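The structure appears below as C-alpha cells.
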Amino acid sequence: MTASPTAQHILTLTRLRCRRLALWVEHLWQSHQASPDQGPAIGPGEVARLLAPEATQAASAAFFAADEVGALSALSEEAGAALDADQGWTAIRQVFGLSVEEADLLALLLAVELDPGLGRVMAYLHDDGRLTQPTAWLAARLAEREPTPFVGAGLLRWQLAASLDGAAARRLTTPWQADPAVALSVFGGFWHDPEIADAVVHIQPAEVAALPSLHAPARDALVRLTDLRDAELVGPPGIGRKTVAAQFAAGAGQVLIAADLAALTAAGASVSLTPGQAVTRVLRQAAIIGALAYFDDADTVSAADWARARQLGVPYLRGVRHPTGEALPITLAPLSIAARLQVWRHASEEEPPEGLLSHRLTPAEITRAATNKGGVALKQRGKRPDNTLLTCLPCPYEWDDLVLPPDVVTQLRAFETQVRLRWTVYEEWGFARLTHLGHGISALFGGPSGTGKTMAAQVMARSLGIDLLRVDLAGVVNKYVGETEKKLREVFDACEDSGALLFFDEADALFGTRTQVKDAHDRFANIEIDYLLQRIERFDGVAILATNRRQDLDTAFVRRLRFVIEFLPPRPEDRLPLWQRALLPAAPNGEEILGEIDWRYLSERLSMTGAEIKATALGAAFMARAEGGRIGMRHILAAAQREMAKQGLRLRLPLQEASG
C-alpha cells in the first residue's frame, strides 16, 4: 500500500532536516568540539562550545548558510512549505489546535512510526544510543528553533502522542511516541482507529432518511439547545435514542458516530481503555471527519471525565437509561399503538400477528419481530435478563389447574384482561390522562402460605405469554446504605426492558410499614420504602406482590395497587378437587396406584392448604411404593400427620376410625 501524500511530505521533510543536522554534528566532531569516540568523557572543545551558546548559534547559522548545506536548507524549506500546504496535515493541525512546536514534534514522531529505521538516526542526533524516540529538544533543533520548556499539551489532550513509559512530559529530553492510530490514519490518508473500531458505527444521513419519525418532541428539544453537550437522551434500550441522534445529525447533513461505551470499557475488551480515554478517542474521530458523536451507556463515564471531554470543544450527545442529574434530560416516550404499527409496516409488508402490538414493544423489538415474521417475539422479549437478582420461574399451569373460589378467579380474570387491553384503553380511548405517573398494573396477592398465590402468578404469566421473574429478596435487601435502592432499580429496569411479569414473594420484607426514625438505619429504611412507593407507581410493567402478612404492608403502598386479591384457605368443597387432582387413580403407564379413598373425610376433616395437600399426596406415594402396594388412607393419614406436625399441629383422630 502506497503512503498518502501527507505521509510522504512528513518523511521528506524529516529526512532533509535530519541530514542537515547530521552534517552539523559531523562538523563538530571534525572540529574537535565533540567526539563520537570520547564515550562518557567530555573534551574541552565541547565544554567551550556549550558554554558559549551565542557563538555556537552564530557558527551554526554560518554553517547552514554555506553553499553545500544551504542547498539542503532550501530543500528543507520547500518540503516544509509542501507539508504546510497539505490538506490532510492542515486539517490535523487546525482540528486539534496544534501549535507550530506541537506540529513539528508530532511530524517527527509520525516519521519514526512510518519509517522505524529513523529511530537509529534519532539516537545519532541525540548523541545517545538509548534515545531512539524523538524528544521535544530534538524536534526544536531540527526545525531550527529554540526549545520551549513544555511542548505537547494539545498532543496529550487529544491522545495524539504520549511520553514514553510514562516519563515526565514537561522535560525537553523526555522521549515521545505517536499514537499508532494517528500514524495509521496519516499513512492511509483517512482516519481509522482500530482500538475503537469494533464498538463504533458510522451512520450516514441516507441510512436514516427513510426511517419513521417516532420521537419528534425529542428532536425538537435538541434543535432548541444552544449546546448539545448540555443534554442527554433518556430511555430504555431499544427505544430509539441512537436513531434520534442519527436523524438529528442527518438534519444537519452530518454523519453520526455512535459509540457503545459499555463495549469499549468492558473488562474483557480487546483493548483496555478507561472511560475517559474511550470518549476522547471517539471525539477525536468525530472532530477530524466532521461528524456528530453519540455515546450509548453514557452513565458509565464519570462526571469528571465528561468535564474533561467538554474541554475538547467537540459537540456530542449522550444516551442513558436514567437521568444522571448532570445534564438536561430529554426523555423518549414509549411508542403509541399507531407508532408501533408504523415501525412494523416499515420493517415488514405483512400484517402483525394479532395482539402483538398491544404490548408496549420498543422499535428494536418490533423490528426483530417483523424480521422473524412475528414468531415468538414476546418470548424473545421476555427472555430472562442478565440480572442475578431475578429467577425465571417455570409456568406449567393453566387456568383449569387453579382451584379457587369463583370470586377470586373473577378478580384474576379481570387482572389479566386489564393487562391485555391496557394500551388500547390508555391510548385509543385516551385514558392515559388518568395514569400520568405510570402505566403499569400491579396486584397484591394476600393470604396464608400454600393457598395458591405463586401458582396464580404462574397461570397469569403463561396466559399472557410472558415470563415470570421472581425477585431474590436476599439479594435486593442490602446491608450497605443506598445499595438496596440501586438493586431495586436494576430489578424494575430489567423487567420493564424484558416485558416479563415481576413477582415479589414475601413482599412485606420490602414493602413493610415505615418505622419511626430512631437511628440512621431506620431513616435509610424509610428512604428505601419511599423509593419503592414511587418506583412501583412509575412502573410500566406488570407486577404481582405476594404476602402472607398483609397487615404489615404500608397502607400508602397498598393504595397504589390496582388489584388486591385475598387468597383464603380452601373450604371443604375446594379441598375435594385438590385431593382428587393430587391423587390420580392410575400412573401414566396405566397401572392402578390408588386404593379405596374416603374423599369426603379428606376434604371435610383435614383442614389443609393446596400446598399441604400436594406434599401429603407425595409423602403417601413414597410410603406406598416402599411397601409395594397401592396408596391407601393409611398412607395418606400418616403423611398428613407429618405435614401437620410442621405447623405444630396433630391429627388427633385414630387411624382406625379414619380408615373404617
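Any read-out appearing in this document is the output of simple, stated calculations on the displayed coordinates, not a laboratory observation. Values in this document were obtained by computation on a predicted structure and should not be read as measured data. Every residue, glycine as well, gets a Cβ built from its backbone with ideal geometry; the counts of neighbours run over all protein chains shown.
With label points built 7 Å along Cα→Cβ from the Cα atoms of Asn372 and Arg550, find their separation and express it in nm.
Distance between label points: 3.9 nm.
Between the range 585-634 and the range 69-119, what is the C-alpha centre distance in whole Å?
The two parts, judged by their Cα centres, are 92 Å apart.
In what sequence, highest mean first, do 629-637, 116-124 appear when ranked by Cβ atoms within 10 angstrom? Let's see the in-between values first.
On the way: 629-637: 20.2, 116-124: 15.1.
Averaged packing, sorted descending, gives the order 629-637, 116-124.
Excluding Ala263 itself, what net charge comes from residues whose Cβ is under 10 Å from its Cβ, given Lys and Arg +1 and Asp and Glu -1? If you can, show how the numbers build up before the last one.
Working: positive: none; negative: Asp198, Asp260, Asp296, Asp297.
Local charge sum for Ala263: -4.
Suppose we look only past 17 Å in the calculated P(r) of the range 184-239. What percent of the Cα-Cα pairs does that tail hold? Don't skip to the answer; put the middle values down first.
On the way: 1003 of 1540 pairs.
Counting pairs separated by more than 17 Å, the tail of P(r) holds 65 percent.
Between the range 192-220 and the range 333-366, how many Å separate their Cα centres?
Centre-to-centre (Cα) distance: 21 Å.
For the range 593-629, list residues with backbone N below 18 Å from a point placed 7 Å from the Cα of Ala587 toward its Cβ?
Zone members listed by number: 593-596, 617-629.
I'd like to compare 247-256, 208-217: which one has the highest average count of other Cβ atoms within 10 Å, and what's the full order after that? Show your work: numbers first, answer last.
Details: 247-256: 18.7, 208-217: 14.8.
For the peptides 247-256, 208-217, the packing ranking is 247-256, 208-217.
Between the range 272-291 and the range 397-442, how many Å separate their Cα centres?
If we compute the Cα centre of each part, the gap is 48 Å.
When Lys and Arg each count +1 and Asp and Glu each count -1, what net charge do the other residues less than 12 Å away from Leu225, Cβ to Cβ, add up to? Don't jump to the answer; show the numbers that get you there.
Numbers: positive: Arg219, Arg224, Arg229; negative: Asp220, Asp227, Asp230, Glu232.
With Lys, Arg at +1 and Asp, Glu at -1, the neighbours total -1.
If amide H atoms are built 1.01 Å from N in the plane of the peptide, which residues on other chains or at least 5 residues away come under 5 Å of the amide H of Ala546?
The answer is Phe445, Phe504, Asp505, Glu506, Ala507.
For Ala307 and Arg170, calculate 0.36 nm times their separation in residues minus their Cα-Cα distance, and state this gained length in nm to one decimal. Could the numbers behind the result be given before it?
Numbers: separation 137, 0.36 × 137 = 49.32 nm, distance 2.34 nm.
Extra length from Ala307 to Arg170 when fully extended: 47.0 nm.
Pull out the extension gain between Ala262 and Arg345, defined as 0.36 nm times the separation in residues minus the alpha carbon to alpha carbon distance; nm, one decimal. The partial results should precede the final answer.
On the way: separation 83, 0.36 × 83 = 29.88 nm, distance 3.15 nm.
That pair, Ala262 and Arg345, stretches by 26.7 nm at full extension.
Once you have a ≥ b ≥ c as the square roots of the Cα gyration tensor eigenvalues for the range 572-659, tell me rounded if a/c is under 1.5, and otherwise prolate or oblate according to whether a/b is larger than b/c. Please report the intermediate quantities before stating the final value.
Details: a/c = 1.61, a/b = 1.36, b/c = 1.18.
It comes out prolate by the Cα gyration axes.
Using the crude model of +1 on Lys and Arg Cβ and -1 on Asp and Glu Cβ, and no other charge, please compute the dipole size for the range 572-659 relative to its Cα centre, in debye to 20. Mind dumping the intermediate values first?
Values: 12 positive and 11 negative charges, 65 e Å.
That gives a dipole near 320 debye.
Show me the ranking of peptides 147-155, 393-401, 612-620 by mean Cβ neighbours inside 10 Å, starting with the highest. Before the final figure, lay out the partial values.
Numbers: 147-155: 17.6, 393-401: 13.4, 612-620: 20.7.
So the peptides 147-155, 393-401, 612-620, ranked by packing, come out 612-620, 147-155, 393-401.
Would you kindly state how much longer the chain becomes between Gln204 and Arg145 on full extension, computed as 0.36 nm times their sequence separation minus their alpha carbon distance, in nm to one decimal?
Net length gain for the segment: 16.8 nm.
Mind giving me the FRET efficiency for Val558 and Glu398? R0 is 41 Å, r the Cβ-Cβ distance, nearest 0.05 is fine. Could you put the intermediate results ahead of the total?
Details: r = 29 Å, r/R0 = 0.71.
Efficiency, from the Cβ-Cβ distance: 0.90.
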